[in-house]
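Right, one structure below, let's go through it.
The values are calculated or read from the model by the stated rules, or taken from the named source; none is laboratory data. Values in this document were obtained by computation on a predicted structure and should not be read as measured data. Please note: Cβ atoms are built from the backbone with ideal geometry, for glycine as well, and neighbour counts cover all protein chains shown.
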Amino acid sequence: MVGREKILVIKLGALGDWVLATGPFAAIRAHHPHAEITLMTLAEFADWGARCGWFDDIWIDDRPSWTRPFGWLALRRRLNEARFSRVYDLQTSDRSSAYFHLMSSHRRPQWSGIARGCSHPHANPHRDTMHTVDRQAEQLSMAGIDRTPPPSLRWLDAEVDEFGLGGDYVLLVPGGSAHRPGKRWPADRYAAIARAFRERGIQPVLLGAGAEAVTLIEIENDAPGSLNLAGRTSLDQIAALARRAMGAVGNDTGPMHIVATAGAPSVVLFSDASDPALCAPRGGAVQILRRDRLSELPADEVIATFDAIARRA
């Protein structure tokens, strides 16, 4: 379409942050219904960006290192040749702000973000103390978008019949970042709640991938009858499983953002290694439990919290 407005949205990662940005994605599309909107993201999120329905084109950012001048020159050329009229920088990092300065000064687009000199700065000195969802909603408000809906994964689904889950089940997500073990509730506590669910006739389903498989095997051995899906689920299938589950219990980790946003009543466990006020999953029924050291959190409290949130859902 001749004269069609061209918009760029920048959102790179990580997984949980990308899920939380789906509300702003929808808000930008609603505000610019006829625009050609491009998403700049990481390769692992390109498929989601293409499928969610909010974007017309996907750019993969290979994040050139500061020592790769040719990579930066190529990115500069691409940004300038695209002739965007407005950019929404939802990453708001040093890297994404640097992209503003790559653009020719005589034809820089309107820019919503934190780059020095941009046209629509998120001018709140306390922005770093806000939850991601609230911070991005305020950023968009300062750029003229008054309403930002909550995160949504309604467009994300997959077949899960292969797992044979015919009855009630609960998802357990005991993994997390390998270099931040303080974010993980002990495996024996997960085994304890898995046994409690089994005694009620509820199937515990263990989710994880990669090095987390060791923890899942430990839980499975200590809680016979648990269904161990280590390495067997795609992110799409995690959303599908969450949509059909009684609920979920998990650590502060990316898949729990998918689970909570997809709709499973969720109990999310936080230690002092991260702050739920800044980054907790959002969904229709989410309850946070926090201890400075997660080893101090008893299984009985988690079960009671799960029961309470499941009754309200």
Item checked: Count of residues meeting criterion [touching a Ser or Thr at 6+ places or on another chain (Cβ under 7 Å) and in a loop (DSSP other than H, G, I, E, B)] in the stretch 136-154 -> 4
Next item on the list: Filter the stretch 161-178 down to the residues that are crowded, with 20+ Cβ neighbours inside 10 Å and either aliphatic (A, V, I, L, M) or without any contact (Cβ under 8 Å) to a residue 60 or more places away in the chain (or both), then identify the one that is nearest to residue 276 (Cα to Cα).
Entry: 173
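Quick check on this structure: which one of 219, 193, 238 is at pLDDT 95 or above, of a type outside the set (D, E, K, R) and either farther than 20 Å from residue 270 by Cα or in a loop (DSSP other than H, G, I, E, B) (or both)? Steps first, answer last, please.
Values: 219 fails: either farther than 20 Å from residue 270 by Cα or in a loop (DSSP other than H, G, I, E, B) (or both); 193 fails: either farther than 20 Å from residue 270 by Cα or in a loop (DSSP other than H, G, I, E, B) (or both).
None of the other options fit; the residue is 238.
For (1) at pLDDT 95 or above; (2) aliphatic (A, V, I, L, M), each residue gets a yes or a no:
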residue: 21; (1), (2): yes, yes
residue: 25; (1), (2): yes, no
residue: 30; (1), (2): yes, yes
residue: 34; (1), (2): yes, no
residue: 48; (1), (2): yes, no
residue: 58; (1), (2): yes, yes
residue: 61; (1), (2): yes, no
residue: 66; (1), (2): no, no
residue: 79; (1), (2): yes, yes
Checklist line | Close pairs (7 angstrom Cβ cut-off, 6 or more residues apart or separate chains): over 10 Å from residue 7 (Cβ atoms) and among the small types (Gly, Ala, Ser) in the stretch 35-61, assigned to a helix (DSSP H, G or I) and at pLDDT 95 or above anywhere | finding: none
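Acidic (Asp, Glu) and touching an Asp or Glu at 6+ places or on another chain (Cβ under 7 Å), is that true of residue 252? Walk me through it before giving the result.
Values: acidic (Asp, Glu): yes; touching an Asp or Glu at 6+ places or on another chain (Cβ under 7 Å): no.
For residue 252, the condition - acidic (Asp, Glu) and touching an Asp or Glu at 6+ places or on another chain (Cβ under 7 Å) - is not met.
Looking only at the stretch 83-92, filter to residues that are among the hydroxyl-bearing types (Ser, Thr, Tyr) and touching a helix residue (DSSP H, G or I) at 6+ places or on another chain (Cβ under 9 Å); which one of those is surrounded by the fewest Cβ atoms within 10 Å (Cβ to Cβ)? Before the answer, list the steps.
Here is the first cut: in the stretch 83-92, the residues among the hydroxyl-bearing types (Ser, Thr, Tyr) are 85, 88, 92.
Adding the requirement that they be touching a helix residue (DSSP H, G or I) at 6+ places or on another chain (Cβ under 9 Å) leaves 88, 92.
Details: 88: 29, 92: 20.
Among those residues, the one meeting the criterion is 92.
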Notebook entry, point to check: Of the residues that sit in the stretch 93-145 and are crowded, with 17+ Cβ neighbours inside 10 Å and among the polar types (S, T, N, Q), which one is nearest to residue 14 (Cα to Cα)?
Noted result: 132
Item checked: Test for residue 152: is it closer than 30 Å to residue 127 by Cα and modelled with pLDDT under 95 -> no
Note to self: Quick check on residue 282: is it farther than 25 Å from residue 49 by Cβ and of a type in the set (Lys, Arg)?
What the structure shows: no
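Take residue 84 and tell me if it is in a loop (DSSP other than H, G, I, E, B) and in contact with a Pro (Cβ under 6 Å, 6 or more places away or on another chain).
Details: in a loop (DSSP other than H, G, I, E, B): yes; in contact with a Pro (Cβ under 6 Å, 6 or more places away or on another chain): yes.
It is true that residue 84 is in a loop (DSSP other than H, G, I, E, B) and in contact with a Pro (Cβ under 6 Å, 6 or more places away or on another chain).
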Check: What pairs can you find where one residue is in the stretch 279-304 and more than 25 Å from residue 152 (Cα to Cα), the other is crowded, with 19+ Cβ neighbours inside 10 Å and charged (D, E, K, R), and their Cβ atoms are less than 6 Å apart, with a gap of 6+ or different chains?
Finding: 299/189
Next item on the list: Would you be able to tell me the number of residues in the stretch 146-158 that are touching a Lys or Arg at 6+ places or on another chain (Cβ under 9 Å) and loosely packed, with under 14 Cβ neighbours inside 10 Å?
Entry: 2
Notebook entry, point to check: Taking the stretch 284-307, which residues are part of a helix (DSSP H, G or I) and either crowded, with 17+ Cβ neighbours inside 10 Å or of a type in the set (Val, Ile, Thr) (or both)?
Noted result: 294, 299, 302, 303, 305, 306
Item checked: Pairs with Cβ under 6 Å, 6+ apart, first in the stretch 1-22 and under 16 Å from residue 256 (Cβ atoms), second aromatic (Phe, Trp, Tyr) and not in a strand (DSSP E or B) -> 18/45
